[in-house]
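K.L.:
One structure coming up, written as structure tokens, with questions to follow.
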Amino acid sequence: MKIPFFNLNSMKKILFSISILIILVVINACDQGKKEGNHSNLTNAKDTLSYILGAINAKTIVGSGAQAFDNLDKKQIISGFNANLSNYSADDCLITLKNLFGENYQDFNKKYVKEGSLCMGKMTGYAFYYDIFKLGGVDLINLNMVKAGFADGLYKKDSFLRDDQMRTIMQNFMITLNVRNGNKMLAKAKLIKGAQIFDNGVVIETIKEGKGPFPGLTDDVKVHYILTSAIGDTLQNSYKMPNEENKIEPVPLSLNGGVIPGWTFAIPKMKVGGTYRLYLPWDLSYGEQQGRESLCFVVELIARGKAGSFTAVKENKSGEKNN
């Protein structure tokens, strides 16, 4: 079986689910038709991307519920967003939003509309900027055009952009960030003292040297692993993943087609009983299908066996086949 993978883009609030984006764009376009917005200055790719990012953030508020949205003060939301495109946390706004929407966020108190709308804008601005900053993409955007896109998105004046245009621009933006961050991670890994560096871009750092044998290219293995993104976010941790029997156990895998290419290459270079940090370039990870993300794994190699010894299909007592 392939190692399960949860993409960075479940990933990132700001790198949003593109499928949700498309649905929102289609709905808005159908509901409102063409409207004039602040798009006359979209003369280059950077400004267009920035405008789209702003509009998408506005859609998270527009889609929060018709009654609540209609009662919000849009000018205050925009003011808060524009004022807090920074690394300044807006956690102090949480109390205000509870006053506006109730303890369980299911009510609406008009007394706090102005203050709450401002806070909603501040928190949206902070979340947007924090994610872009963390991903190293601030230099790729124009904050003034982000503000323009946000305002148009809030007033539903951004429908002149087709969903396929937005999808393509967002995908390219994601790829650019992924490649950038992957290159930075791999460059730093190559400077680690004692690390094994290979021509295909793979880097292996020994955390604890194993005393057992090296697995063969087609062997089965049992491992524990921690998967992180190029910027260090933990995406999976097998030490915390119960199996079908609700037990935490080493993961059985086949090196012969059951793992990503980087594992097929690197695991046979590790000794059983050891723990290693494995840096993989995107083409040996999940490739184009995951937006060219380079990845890092901490791998504890627990056991090896001949092909099929850990992953062969077996019959249970009822005659059903299990892995």
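K.L.:
So which strands (runs of 3 or more DSSP E) stay within region 182-300 end to end and still have 2 or more residues that are crowded, with 19+ Cβ neighbours inside 10 Å, in contact (Cβ under 8 Å) with a residue 24 or more places away in the chain and in contact with a helix residue (DSSP H, G or I) (Cβ under 7 Å, 6 or more places away or on another chain)?
P.N.:
Numbers: elements: 203-208, 220-229, 234-237, 251-254, 275-280.
Strands (runs of 3 or more DSSP E) meeting the threshold: 203-208, 220-229, 275-280.
K.L.:
If you check P242 against the conditions, is it touching an Asp or Glu at 6+ places or on another chain (Cβ under 9 Å) and at pLDDT below 95?
P.N.:
Judged against the criteria, P242 is a match.
K.L.:
Given (1) in contact with a Lys or Arg (Cβ under 7 Å, 6 or more places away or on another chain); (2) within 23 Å of F198 (Cβ to Cβ), identify the lone condition not met by P268.
P.N.:
Result: P268 fails condition (1) only.
K.L.:
Pairs, please: C-beta under 6 Å, at least 6 apart or cross-chain, first residue within 25 Å of V113 (Cα to Cα) and modelled with pLDDT of 85 or more and in region 43-67, second surrounded by 18 or more Cβ atoms within 10 Å (Cβ to Cβ) and among the hydroxyl-bearing types (S, T, Y)?
P.N.:
Close Cβ pairs satisfying both conditions: N57/T124.
K.L.:
For region 9-18, check the following and say yes or no: at least one residue is under 23 Å from G137 (Cα atoms), in a helix (DSSP H, G or I), modelled with pLDDT of 85 or more and touching a Lys or Arg at 6+ places or on another chain (Cβ under 9 Å).
P.N.:
Taking region 9-18 and keeping what is under 23 Å from G137 (Cα atoms), we get 9-18.
In the following step, the residues that additionally are in a helix (DSSP H, G or I) were identified as 13-15, 18.
Among the residues that remain, those that are also modelled with pLDDT of 85 or more are: none.
No - not one qualifying residue is present in region 9-18.
K.L.:
I've got another one for you. In region 152-211, what count of residues is obtained for those that are of a type in the set (D, E) and under 20 Å from I132 (Cβ atoms)?
P.N.:
2
The values are calculated or read from the model by the stated rules, or taken from the named source; none is laboratory data. What you see is a predicted model, and the numbers here were worked out from it, not measured in a lab. Ideal geometry is used to build each Cβ from the backbone, glycine not excepted, and the neighbour counts take in all protein chains shown.
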